[in-house]
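Read the figures in this text as sums done on the coordinates, not as results from a lab. Treat the numbers as computed from the prediction; the structure is a model and nothing was measured. So basically every Cβ, Gly included, is an ideal-geometry build from the backbone, and we count neighbours across all protein chains shown.
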Amino acid sequence: MNQGQQSGEAKHEDDAALTEFLASLMDYTPTIPDDLVEHYLAKSGFQCPDVRLIRLVAVATQKFVADVASDALQHCKARPAPVVKDKKQQKDKRLVLTMEDLSKALREYGVNVKHPEYFADSPSTGMDPATRDE
Amino acid sequence: MKRRRKGRVNSEAPPDQSAADFSFSLTRVAVSQICLSVGYTSTDTSSTLNSLTLITTKFLQSIAELAASFSNSANRTEANLFDIVNGLQDTALATSDCFPGGSTLHKSHCLIKSAVLRNLSDFVASAFEIPFAKPLPRLEIGDSTRVPPRSSPEMKSIPAWLPPFPDSSLYLDRCKEDKSDRLWENSDSVIACESFPERSRGRNRRSGSLPLRRARVRFKVERDWSNGVGSCNSDTRLERWRDINQDEYEVKKKIVEEYIYGADVDAGEWPR
């Protein structure tokens, strides 16, 4: 009897928390706009008039991207920094999202990204630095 | 720093026309905003950002597909919170790092006990809001370029919620085409068709008002008792009786009624 009461109270609390969470979604603005999410949802055959649920999906996606990006950032930071001679370059240290870090981070999420080992973004990329300077 | 980032994204995006490219480039802006909030300032190649954007859209669509399939298997067309949480649970099993505790939904019977939902609730509570960079342009429903305005707004007899009449050039052209074909030149339909534009103009239907000078009609009511007895019939006829003048008609209303009094009194009803 007591246990039943306790579980009933716990359920009530959980319900209240769920309602509160859904209400907080009304005020929260996800980075991915509602219209965009609606477009993708409609493409997948998902039909729901409730904005809160659309935002729930948007928040889940945002969390996924943020987690992947922060994992990739950890990979980037964990890599030993290259030796920098110039002080200017040391100051100008910027965090760059690379395919290598991204694929490492995504592998933990079950996504295997195969990227070419060598990718020529511009004609001068693969050239020897000595010849490029000339 | 942010401005430079945005500038780069905009310069990389080609002028896409199709809807898929448009939505993809919008998602790419959102993804780059999230990456910026994490701490990144740039990407090495555009393909890195593109692949992350593609994976994001696939993730979103997989949640949506799972939720839609859950709702469909429950004989519903509209998805609800349960379907989405179930879909998120299934996704969480695949991407275990994103939502730890993905398999704990079915132990508890309450949705908020789902670890995935609790994670999301914590995320909403803790993460900063990063609104999208620009407001999205929306197609206005009352756009005059898309929806042609009602051609005859003066016709008050037609309710406003009905779709507008087709453009008059459509059916007028067809009439002219039929005339040029001369396949049915002697038939009535062609003759009627030929006179149609003139008639419609002559009637002045646009204004919805009656012509000032029109024929006068008089009614005359007459009861005819002459028919035989046997059934309870009531017959009302309107007859065009005679033309008094050129513009005046007289209509005789002929009422033929037959009664059997006894039967109707028994039934307790007076014959109508």
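Starting from the Cα-Cα distance between B:Ala20 and B:Phe165, subtract it from 0.36 nm times their residue separation and give me the gain in nm to one decimal.
The B:Ala20-B:Phe165 span can extend by a further 48.8 nm.
When a footprinting reagent is the concern and you count Cβ atoms within 10 Å, what order do B:Ile63, B:Ile158, B:Ile130, A:Ile32 take, fewest first?
Taking fewest neighbouring Cβ atoms as first place, the list is B:Ile158, B:Ile130, B:Ile63, A:Ile32.
Considering amide H positions built from the backbone, and no H for Pro or chain starts, which residues 5 or more places from A:Leu97, or on another chain, come under 5 Å of its amide H?
For A:Leu97, the qualifying residues are B:Thr41, B:Ser42, B:Thr43, B:Asp44.
Please identify every one of the chymotrypsin sites (Phe, Trp or Tyr not before Pro) in region A:22-78 that sits in a loop by DSSP and has no more than 12 other beta carbons within 10 Å of its own beta carbon.
Passing both the DSSP loop test and the Cβ count: no residue.
Using modelled amide H (1.01 Å from N, peptide plane; none on Pro or chain starts), what sits under 5 Å from the amide H of B:Phe165, excluding residues fewer than 5 places away?
B:Ser151, B:Ser152
Can you work out the Karplus-derived ³J(HN,Hα) for every residue in region A:101-113? Use 6.51 cos²θ - 1.76 cosθ + 1.60 with θ = phi - 60°, whole Hz, and x for glycine or proline.
Computed from phi, the couplings for region A:101-113 are 5, 5, 5, 5, 5, 6, 4, 6, 9, x, 10, 9, 9 Hz.
Which ³J(HN,Hα) values, rounded to whole Hz and listed in residue order, are derived for region A:57-72 from phi using the Karplus coefficients 6.51, -1.76 and 1.60 in 6.51 cos²θ - 1.76 cosθ + 1.60 with θ = phi - 60°, glycine and proline given as x?
So the Karplus estimates, Gly and Pro as x, are 5, 4, 5, 4, 5, 4, 5, 4, 5, 5, 5, 4, 5, 6, 5, 4 Hz.
How shielded is B:68-81 by partner chains, expressed as the average number of their Cβ atoms within 10 Å of its Cβ atoms?
Shielding by partners across B:68-81 averages 3.
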